[in-house]
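Some notes on the structure that comes next.
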Amino acid sequence: MRVDAVTLFPGMIDGPLSESIVGRARSEGFLELGFVNPRDFTEDRHRTVDDKPYGGGTGMVMMAEPLYRALKKVRKRGSCVILLTPKGSKFDQAAAVELSKKKHLVFICGHYEGVDERVTPLADLQLSIGDYVLTGGEPAAVAVIDAVTRLIPGVLRKSDATVNETFGDGLLEAPHYTRPAVWRGKKVPEALLSGNHRLIAQWRLEQAQALTSAERPDLAKPAKKKAGVAKAAKH
Ligand code: SAM
């Protein structure tokens with residue numbers, strides 16, 4: 001997959017996405033990540049990319065023309081252009097799955113007070129990563145690109161690593177434990193030590209259901225999750 005980010009601050013994206021699994025996905029060619037800086041598409045001496053808002057108010061607004069030119073540089077036929085904005089539709093796992101099927105994503109990262117509204121129609125999609133306001137779209141781009149990259153086939157070495165995950169089937173995932181079996185007096189649940197795959201799958205389903213109804217009752221779709229667990233129990 002190819003991803004380009006239109007950003008004034010490429011380092012805010014490049015740095016975090018050079019580490020760990022996404023960093024490896026980049027070096028192994030699963031993800032090609034590029035940057036285009038609107039500042040490189042200005043014509044004045046000061047390379048101006050922002051200006052005061054019409055009608056007054058605090059902060060600066062990113063000007064349309066440098067953004068337009070930067071976008072034009074990377075957009076191709078079939079690209080999916082995403083404007084990151086707190087006013088967008090809420091990014092979730094289902095959206096990550098959909099985006100992971102695309103060949104080319106382009107993220108427009110706003111900064112300061114945001115972008116000139118006339119840029120909005122250039123995007124195919126407006127996404128928010130949550131109901132809070134960030135200083136810029138760059139951390140949002142990092143979150144979305146990370147969530148999408150791990151869904152690209154081959155990025156996670158175990159092909160079933162995303163099966164039965166939180167949100168995958170409308171349930172939060174059951175808790176995990178690793179060695180030692182007793183840590184500071186706290187024991188790992190018996191079912192997980194039993195070696196009985198059916199019992200383990202049943203325990204995980206019950207835990208996932210209990211956790212979801214306690215923490216996120218809005219998510220629960222238990223029927224679908226059962227199928228996933230039944231599949232896991234066969235192995
Ligand atoms: N003045 C804007 C408002 O009240 O809606 C907020 C602008 S914010 C300080 C600057 C930029 O950060 C936005 O243009 C957007 O690109 C990005 N941003 C902030 N919060 C975001 C969020 N929750 N999800 C996605 N992008 C966000």
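The values are calculated or read from the model by the stated rules, or taken from the named source; none is laboratory data. Owing to the predicted nature of the structure, the values given are computational and were not obtained by experimental measurement. Neighbour counts are summed over all protein chains in view; Cβ atoms, including those assigned to glycine, are modelled from backbone coordinates with ideal geometry. Please note that ligands, DNA and RNA were not included when accessible areas were found on the heavy atoms of the full protein model with its side chains. Shrake-Rupley method; radii C 1.70, N 1.55, O 1.52, S 1.80 Å.
Structure data summary
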quantity	calculated
Members of the range 89-101 that are among the polar types (S, T, N, Q), surrounded by fewer than 18 Cβ atoms within 10 Å (Cβ to Cβ) and more than 14 Å from the ligand (Cβ to nearest atom)	93
Residue that is surrounded by the most Cβ atoms within 10 Å (Cβ to Cβ) [pool: residues in the range 57-75 that are within 14 Å of the ligand (Cβ to nearest atom) and not in a helix (DSSP H, G or I)]	62
Inter-residue pairs, beta-carbon under 8 Å, first within 24 Å of residue 214 (Cβ to Cβ) and in the range 174-189, second open to solvent by 100 Å² or more (accessible area, probe 1.4 Å), 6+ apart	174/204; 188/177; 189/177
Scan of the range 102-159 for residues that are more than 15 Å from the ligand (Cβ to nearest atom), without any contact (Cβ under 8 Å) to a residue 40 or more places away in the chain and farther than 25 Å from residue 77 by Cα, ordered by number	157, 158, 159
Hits in the range 9-20 - residues which are touching a residue at least 12 places away in the same chain (Cβ under 8 Å) and either within 11 Å of residue 149 (Cβ to Cβ) or assigned to a helix (DSSP H, G or I) (or both)	12, 13, 14, 16, 17
Some residue of the range 154-177 being within 20 Å of residue 34 (Cβ to Cβ) and either open to solvent by less than 30 Å² (accessible area, probe 1.4 Å) or β-branched (Val, Ile, Thr) (or both)	yes
Among (1) touching a Phe, Trp or Tyr at 6+ places or on another chain (Cβ under 8 Å); (2) assigned by TED's automatic domain parsing to the domain that holds residue 91; (3) of a type outside the set (S, T, N, Q); (4) away from the ligand (no atom under 16 Å from the Cβ) - the single one residue 174 does not satisfy	(2)
Qualifying positions in the range 102-119 - within 23 Å of residue 49 (Cα to Cα) and surrounded by fewer than 16 Cβ atoms within 10 Å (Cβ to Cβ)	113, 117, 118
Counted residues, the range 99-151 - those being within 14 Å of the chain's Cα centre (by Cα) and of a type in the set (Ser, Thr, Tyr)	3
Residue within the range 76-88 that is open to solvent by 30 Å² or more (accessible area, probe 1.4 Å), at pLDDT 95 or above, in contact with a strand residue (DSSP E or B) (Cβ under 9 Å, 6 or more places away or on another chain) and away from the ligand (no atom under 16 Å from the Cβ) present	yes
Per-region count, the range 21-48, residues under 27 Å from the mean Cα position of the chain (by Cα), crowded, with 16+ Cβ neighbours inside 10 Å, assigned to a loop (DSSP other than H, G, I, E, B) and without any contact (Cβ under 8 Å) to a residue 60 or more places away in the chain	1
